[in-house]
1. Can you pull out the trypsin sites (Lys or Arg not before Pro) in segment 101-140 that DSSP calls coil and that have at most 11 other Cβ atoms within 10 Å?
2. Using a 1.4 Å probe, what is the accessible area per residue for the chain, in Å²?
3. Binning every alpha carbon pair distance of segment 57-122 at 5 Å from zero, what are the percents per bin?
4. Go through Lys36/Lys104; Lys86/Lys123; Lys63/Lys86 and tell me which ones have a Cα-Cα distance over 24 Å in this structure.
5. Check each of the GluC sites (Glu not before Pro) in segment 51-149 and keep only those in coil by DSSP with at most 15 other C-beta atoms within 10 angstrom; list them in order.
6. Which of Thr139, Val174, Asn234 sits farthest toward the positive end of the charge dipole of segment 101-255, with +1 on the Cβ of Lys and Arg and -1 on the Cβ of Asp and Glu?
7. Between Lys130 and His253, what is the label-to-label distance in nm when each label sits 7 Å out along the Cα-to-Cβ direction?
8. Which cysteines does the chain leave without a neighbouring Cys Cβ under 4.7 Å?
Amino acid sequence: MFCVLIIQHREKSFFEFLFGRFKRDTYDLKTVPVFKGAPFYVLTVTVGEKGADWDYIVQSVGKCAKRLVTANHITVPECEGLGVFKSEMLYNKMTENTFLHIIKNNYSRKKPFDICFIDKNAKHTDFLVKVSPYAFRITVATDKKEEYSDTCDEIIESTGLCPSVQSAAAEAEVKICLDRRIMTVNTTRGFLNIGNGGDFTVPDIYSSLIPPKTDKYSFYAALYELCGAFDLGNCVFDVVEVNREKMSVDNVHFT
């Protein structure tokens, strides 16, 4: 679970100036259910000039105060019991999905790809299995060759391809490095360097859950990682940078 924190300030009126100190700040905590996942909290705080009582916020949401997702670019103080949720897990997953989506869009049975996959620490073996049906040759550059033994056996059994596992990257039509989150394609028009995924679309069952003015990526990353909304792991970026220019994913063509 996690908590979305919304802090609202009462209007700076003459009445507020005179009597604001006598008004009680409000801390409205709601639990939001999630389809196929754990619920999350939304804490809406309405305060005057003194601002939020951070100790009370910690008391209100408990351990979730260390996993806050904020709205309106709220600055959370550095103190015990408080923390803002940050993770690249969903971003990395969507990068994988996007590279695979682009490869599928450009694939032809008459001309499969020569692929070099760079994975120094053997953290992305599953991705190689997914991309293997679109290749006629696969080279893996890794410092942990033994970690690729089972993966290579699976690819040989399913596709007939025998990946070459070595220490250095090889020249190839398509080079993919998930550690750097970049895919480089050698085309007749020159090299395409693809990365930096932008906006993304989520399933309708989740799109209505995000509170207004909440950072989109942080919210869905928390929903994916902390609430088990694993369907979000199928998302693809709508936009990527190709040679530092933004482009719709479906408009990325190799020829």
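1. Values: sites: Lys104, Arg109, Lys110, Lys120, Lys123, Lys130, Arg137; in loops: Arg109, Lys110, Lys120, Lys123.
Of the trypsin sites (Lys or Arg not before Pro), the ones in loops of segment 101-140 whose Cβ has at most 11 other Cβ atoms within 10 Å are Arg109, Lys110.
2. 57
3. Binned Cα distances yield the sequence 3, 12, 14, 15, 10, 9, 8, 10, 8, 6, 4, 2, 0.
4. On the way: Lys36/Lys104 29 Å; Lys86/Lys123 20 Å; Lys63/Lys86 15 Å.
Among Lys36/Lys104; Lys86/Lys123; Lys63/Lys86, the Cα-Cα distance tops 24 Å for Lys36/Lys104.
5. Glu78, Glu80, Glu88
6. Val174
7. Rounded to a tenth, the inter-label distance reads 2.6 nm.
8. Isolated Cys, the chain: Cys79, Cys116, Cys152, Cys162, Cys177, Cys227, Cys235.
The values are calculated or read from the model by the stated rules, or taken from the named source; none is laboratory data. Being a predicted model, the structure only gives us computed values, none of them experimental. Counting neighbours? That spans all protein chains shown, and the Cβs are built from the backbone with ideal geometry, glycine included. Calculation scope for accessible area: heavy atoms of the full protein, side chains included, ligands and nucleic acids excluded. Shrake-Rupley method; radii C 1.70, N 1.55, O 1.52, S 1.80 Å.
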